[in-house]
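> This is the structure, below, for whatever I ask next.
We did not get these values from a lab; they are worked out from the coordinates using the rules stated. Source: prediction; values computed, not measured. A quick note on method: Cβ atoms are made from the backbone with ideal geometry, for glycine too, and the neighbour counts reach across all protein chains shown.
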Amino acid sequence: MKKGFFWLLWLVAFAAGAYGVYQRLAFGHNLAGYTSYVPWGLWVAGYIYFIGLSAGAFLLSTLVYVFGLKAFARIGKLALFTALVTLIAALLTIWFDIGHMERFWKVFTRPNFGSMMAWMVWLYTAYFLLLVAELWIALRADLAQWSDRPGLAGGLARFLSFGQRDVGAAALKRDAARLKVLGSIGVPLAVAFHGGVGALFAVVEARPYWNSSLLPIMFLVSALLSGSALLTFLVSFFWPKGQDGAVKELVSNLGRIVLGLLTLDVILEISEFLVGLYSTAPAHRGVFLEVAAGQASWLFWGVTVVLGALVPAVLLLTGRNSPGTVGTAALLIALSFLALRFNIVVPGLTTSPLPGLANAYIEARLSFHYLPTTMEWLVLLFNGSLAVLLLAIGFNYLPLTTASKEV
């Protein structure tokens, strides 16, 4: 019953999101809430939200495949798959945001080597290919064993194994070596592309709210926290039954990592916030005041501070031995990061950089006011629903939760 109700909710969300996608394709940006002063909005916030989840999940997988930590060996494949799914959601989200969606490929054929965005696309492409290769190698031996299963799981295993059925010691040793090489390449790649996302904002000198050398570091720490939180939630609530003892210890260890990263992230956020408020420049200080005391201050205090930091911290400290409690705290952190990303993107654009600019020219498109429209929310809902579907397929039809093969 519970499972049926979940899928009913998912179907409603997916159908509503599909209607939003139709509106985007049929009417372009006409139904979005953008203005000439606010060209970025919910979709850019959603894009950096999903890309952070992906980078964090991938970096957690390196604990297994690069650093060889046995305590997290069970979640290596799930971490890679989660990173791939959230990367797809991120790329879809930013694809819907660009003006001419059909021209995305031109960044490969007519690149601007001085563009930070062009570099980001190339890094994403390399990261996507690396994720696919690493995930396939991590799953290869399990897919070979699953090939004899009946039904969709067996058929999918036979298709994805590409005839590679060797599960001997030599083959497993070769897979482990390849995973270590790919994971080692992926660490600087993940740091480069997600630190680059932070740099994409940080290099905008005309926006003091973004123009901070600390921003790329904050993006990396936030990615580690949000990706680890998402993975902790998935393990806590969706890991197969029958492994309760091992899962309890695993979730407890993941909870400690999440709590440590949460502490570090809060320290960085407080440092950035206090320095911003100390500034005497209106263009800098005014944005932080808007975040903390403006019309949408509830988003900062209610969602980011209370639901995204204080409540999870209490849950992680008091219920560290309860997978349900740790998983709930992790879910709150993972979801609240969308509000944090929104408060990075939007206030930096909706606060006038020059006093009086909002009234210097009066025209409907020359406005600093922005609220996401229904269409924008529906498109983001579609991407989130698609990610949920892919994760469900992975849990049910791929060997993501089987014990890792060892030589």
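> Limiting things to C-alpha atoms, what are the Rg and the maximum Cα-Cα separation (Dmax) for region 196-351, in angstroms?
Rg and Dmax of region 196-351, Cα atoms, are 17.1, 59 Å.
> Region 54-73 to region 175-198: how many Å between their Cα centroids?
So the separation of the two Cα centres works out to 11 Å.
> Can you tally the net charge around residue 373? Count Lys and Arg as +1, Asp and Glu as -1, for every other residue whose Cβ sits under 14 Å from the Cβ of residue 373.
On the way: positive: 24; negative: 97, 376.
Net charge in that neighbourhood comes out at -1.
> How would 301, 105 line up from fewest to most surrounding beta-carbon atoms within 10 angstrom? Provide the component values of the computation, followed by the final result.
Numbers: 301 13, 105 9.
Ordered by Cβ neighbours within 10 Å, fewest first: 105, 301.
> Hey, another quick one. Please give the FRET efficiency for residue 106 paired with residue 12, using the beta carbon to beta carbon distance and R0 = 30 Å, rounded to the nearest 0.05. Don't skip to the end; give the middle numbers.
Working: r = 37 Å, r/R0 = 1.23.
That gives a FRET efficiency of 0.20.
> Now for a different question. Arrange the following residues from fewest to most other Cβ atoms within 10 Å of their Cβ: 340, 59.
Working: 340 26, 59 23.
In increasing order of surrounding Cβ atoms, one gets 59, 340.
> For region 9-397, what is the charge dipole size about the Cα centre, in debye to the nearest 20, if Lys and Arg each add +1 at the Cβ and Asp and Glu each add -1 at the Cβ? All intermediate terms of the calculation are to be shown ahead of the outcome.
Numbers: 23 positive and 16 negative charges, 190 e Å.
That gives region 9-397 a dipole magnitude of about 920 debye.
> Would you mind pulling out the separation of the Cα centroids of region 8-28 and region 128-173, in Å?
34
> Using the Kirkwood radius built from alpha carbon pairs, what does the Stokes-Einstein equation give as D for region 91-214 at 4 °C and 1.567 mPa s, in µm² per second?
On the way: Rh = 17.6 Å.
Value of D from the Cα-based Kirkwood radius: 74 µm²/s.
> Next up: When the convex hull of the Cα atoms of region 125-170 is projected onto a plane and the area is averaged over all directions, what value comes out in nm²?
Mean orientational projected area (region 125-170, Cα hull): 3.7 nm².
> Considering only C-alpha atoms, what is the centroid distance from region 356-405 to region 230-301, in Å?
19
> In percent, what relative contact order does region 9-397 have, based on Cα pairs under 8 Å that are 6 or more apart in sequence?
Details: 521 pairs, mean separation 119.3, N = 389.
After rounding, I find 31 percent.
> Now for a separate question. When the chain is treated as a GNM, springs tying every alpha-carbon pair under 10 Å, which of 216, 323, 150 comes out with the largest mean-square fluctuation?
Top of the fluctuation ranking is 150.
> Also, quick follow-up: GNM, the chain, Cα, under 10 Å: largest mean-square fluctuation among 60, 335, 317?
317
> Could you please report the charge total around residue 287, scoring K, R as +1 and D, E as -1 over all other residues with beta-carbon less than 12 angstrom from its beta-carbon? Walk me through the numbers on the way to the answer.
Values: positive: 207, 285; negative: 272, 290.
In short, 0.
> Let me ask something additional. Assign one of three labels to region 282-329, namely rounded, prolate or oblate, based on the Cα gyration tensor with a ≥ b ≥ c the square roots of its eigenvalues; rounded applies when a/c is under 1.5, prolate when it is not and a/b is larger than b/c, and oblate otherwise. Write out the running numbers ahead of the final one.
On the way: a/c = 5.22, a/b = 3.60, b/c = 1.45.
Here region 282-329 falls in the prolate category.
> Would you calculate a helix-derived [θ] at 222 nm for the chain, using -39,500 (n - 2.57) for each DSSP H run of n ≥ 4 and dividing by the full residue count, to the nearest 500?
On the way: 15 runs with 286 residues, N = 407.
One gets -24000 deg cm²/dmol as the mean residue ellipticity at 222 nm.
> Cut-off under 28 Å on the C-alpha distance; same-chain residues fewer than 8 positions from residue 248 excluded. Which lysines are left, in chain and number order?
Hits, sequence-local ones excluded: 2, 3, 70, 77, 180, 405.
> Please report 8, 220, 123 as a ranked list, fewest other C-beta atoms within 10 angstrom at the top and most at the bottom. Present the calculation step by step, with values, prior to reporting the outcome.
Details: 8 10, 220 21, 123 17.
If I rank by nearby Cβ atoms, fewest first, I get 8, 123, 220.
> Enumerate the helices in the chain for which the Kyte-Doolittle hydropathy averages 0.0 or more and the C-alpha atoms extend at least 24 Å along the helix's axis, using complete DSSP H runs. Don't jump to the answer; show the numbers that get you there.
Numbers: long enough: 2-27 (38 Å, 0.86); 42-65 (34 Å, 1.63); 76-97 (32 Å, 1.73); 116-146 (44 Å, 1.19); 169-202 (48 Å, 1.01); 215-238 (33 Å, 2.10); 244-278 (50 Å, 1.11); 323-345 (34 Å, 1.59); 374-397 (34 Å, 1.48).
Long hydrophobic helices here: 2-27, 42-65, 76-97, 116-146, 169-202, 215-238, 244-278, 323-345, 374-397.
> Oh, and also: What is region 77-177's relative contact order, in percent, from Cα pairs under 8 angstrom and six or more apart in sequence? Walk me through the intermediate numbers first.
On the way: 53 pairs, mean separation 24.0, N = 101.
Reported relative contact order: 24 percent.
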